[in-house]
Amino acid sequence: MKTYVVGGAVRDALLGRPVQDRDWVVVGATPQAMVDAGFTPVGRDFPVFLHPRTHEEYALARTERKVAPGYHGFAFHAAPGVTLEQDLARRDLTINAIAQDEHGQLIDPHGGQQDLAARVLRHVGPAFVEDPVRILRLARFAARLPGFSVAPATLALMRQMVAAGEVDALVPERVWQELARGLMEARPARMIEVLRDVGALARLLPELDALFGVPQPPAHHPEVDTGVHMLLVLDACAHADEPLPVRYACLCHDLGKALTPADMLPRHIGHETRGLPLVAQVSQRLRVPTDCRELALLMAREHTHVHRAATFSPAARLRLLERCDAPRRPARFLQLLAACAADARGRTGLATRDYPPQQLLAHDLAAIQAVDQSAVSAAAIAQGRQGPAIAQAIAAARLAALTPPATP
């Protein structure tokens, strides 16, 4: 029995990046031999075990055979006679098909080190076309390693997979899993670009694909194209290290612009309302987590109001805060402000612009949170007020907190 470190740990070490987790391949062993050695079996589709002390994953060397459409349609074969080279041959990219033995010796039958040096994402072999998840994974790697190009032959295979309908067999949970991971990478826009380049974006996220080619007013959007704007906003999120709900909200915030009537272009009056059903549609189809879905709907509805907040009266700003449920959900409101800041900066030449509404509305939120609602309610009750009158007293106290004192 021999063990090898494989995949991401080897790749990241060669790139000088931090190694988060290590995966192992075991050659020459049986499932019973692994159990006898103290390993815990955890694999559902093929033999994977947890090390008794480190809890790292050890998988028996295996081969696979396509037996049905989709990424579930594989038959796996794991046996002591399966070689390391056979196991590496089934992997997706050459840079992920490098192994390292216990002496530090690299086993690289597919030229992964050469592609790392050339900064190329390249498929290992023709079996790449059998697993549609690999389209998503490669797009995610493009976002993680933005300086890497995709080999032309690999792009051709991905387009072939899309044309054959392979991506249509992907289950929503897996699409969301890869999309969410890609959104959290260094350059999430690259993921969208690759998916669009091979035709997968139109199949998986047609609402997003429809934004490309839609014009916007150059005075506000020097990049003009709505799809390009969305890409810039995503990268602004990444630059600010925003969490997943903010990035997903930015991904979806302008979906309504694809539905703007031709005679209203390049302006997009009412795109906020038109976009809400599309955001809900995408979120439901991909089974997006609640926090991401709710922030995306809020962003689509309110981002233009947030942008104009500095021109609002205190009463209008209070209505905005209450409409966003900011008093009860302050953390979500601050995420909305972060998403709007990314939207403002996701424009050609404006990546470092200041965004006053973020500071203004955050200050407003802190001001109304400082209002002692219990004391206001008690005073109102002492004056004989009831029900709606108490709520009105609280609203008046909040408005007073946002209203600057009169100048003498």
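Some values worked out for this structure:
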| read-out | value |
| --- | --- |
| Residue within region 335-345 that is closer than 22 Å to T403 by Cβ and either of a type outside the set (F, W, Y) or in contact with a strand residue (DSSP E or B) (Cβ under 9 Å, 6 or more places away or on another chain) (or both) present | yes |
| Filter result (on the phi > 0 side of the Ramachandran plot and of a type in the set (G, A, S)) within region 234-275 | G270 |
| Residue match in region 346-365 (condition: under 30 Å from E173 (Cβ atoms), of a type in the set (D, E, K, R) and either crowded, with 17+ Cβ neighbours inside 10 Å or outside the structural domain of Q216 (by TED's automatic domain parsing) (or both)) | no |
| Region 88-130: number of residues that are polar (S, T, N, Q), exposed (fewer than 14 other Cβ atoms within 10 Å of the Cβ) and not in a loop (DSSP other than H, G, I, E, B) | 1 |
| Region 379-394: number of residues that are aliphatic (A, V, I, L, M) and either assigned to a loop (DSSP other than H, G, I, E, B) or buried (at least 16 other Cβ atoms within 10 Å of the Cβ) (or both) | 4 |
| Filter result for G38 (surrounded by fewer than 13 Cβ atoms within 10 Å (Cβ to Cβ), free of Cβ contacts under 8 Å to residues at least 12 places away in the same chain and either on the phi > 0 side of the Ramachandran plot or in contact with a His (Cβ under 6 Å, 6 or more places away or on another chain) (or both)) | no |
| Yes/no for R323 being of a type outside the set (F, W, Y) and buried (at least 17 other Cβ atoms within 10 Å of the Cβ) | no |
| Pairs where the first residue, in region 365-382, is of a type outside the set (A, V, I, L, M) and the second is part of a helix (DSSP H, G or I), C-beta under 6 Å, 6+ apart | Q373/I394; S377/I390 |
| Any hit, region 191-214, residues being within 20 Å of T348 (Cβ to Cβ), assigned to a loop (DSSP other than H, G, I, E, B) and aliphatic (A, V, I, L, M) | yes |
| Given (1) farther than 16 Å from R301 by Cα; (2) in a helix (DSSP H, G or I), index of the condition P327 fails | (2) |
| Unmet requirement for H221, which otherwise passes all of (1) in a helix (DSSP H, G or I); (2) closer than 17 Å to A189 by Cβ | (1) |
| Residues satisfying the stated conditions in region 321-348, i.e. in contact (Cβ under 8 Å) with a residue 40 or more places away in the chain, of a type in the set (A, V, I, L, M) and under 14 Å from A362 (Cα atoms) | L321, A326, L336, A338, A339, A341 |
| Which listed residue, of P277, P245, P266, is part of a loop (DSSP other than H, G, I, E, B) and either of a type in the set (A, V, I, L, M, F, W, C) or not assigned by TED's automatic domain parsing to the domain that holds R144 (or both) | P266 |
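Matching residues to (1) farther than 21 Å from A400 by Cβ; (2) touching a residue at least 12 places away in the same chain (Cβ under 8 Å):
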site: R287; (1), (2): yes, yes
site: T290; (1), (2): yes, no
site: M299; (1), (2): yes, yes
site: P314; (1), (2): no, yes
site: R319; (1), (2): no, no
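Residues checked against (1) under 19 Å from W176 (Cα atoms); (2) buried (at least 20 other Cβ atoms within 10 Å of the Cβ):
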| residue | (1), (2) |
| --- | --- |
| P217 | no, no |
| A236 | no, yes |
| L251 | yes, yes |
| G256 | no, yes |
| T260 | no, yes |
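The values are calculated or read from the model by the stated rules, or taken from the named source; none is laboratory data. Values in this document were obtained by computation on a predicted structure and should not be read as measured data. Neighbour counts run over all protein chains shown; Cβ positions are idealised from the backbone, glycine included.
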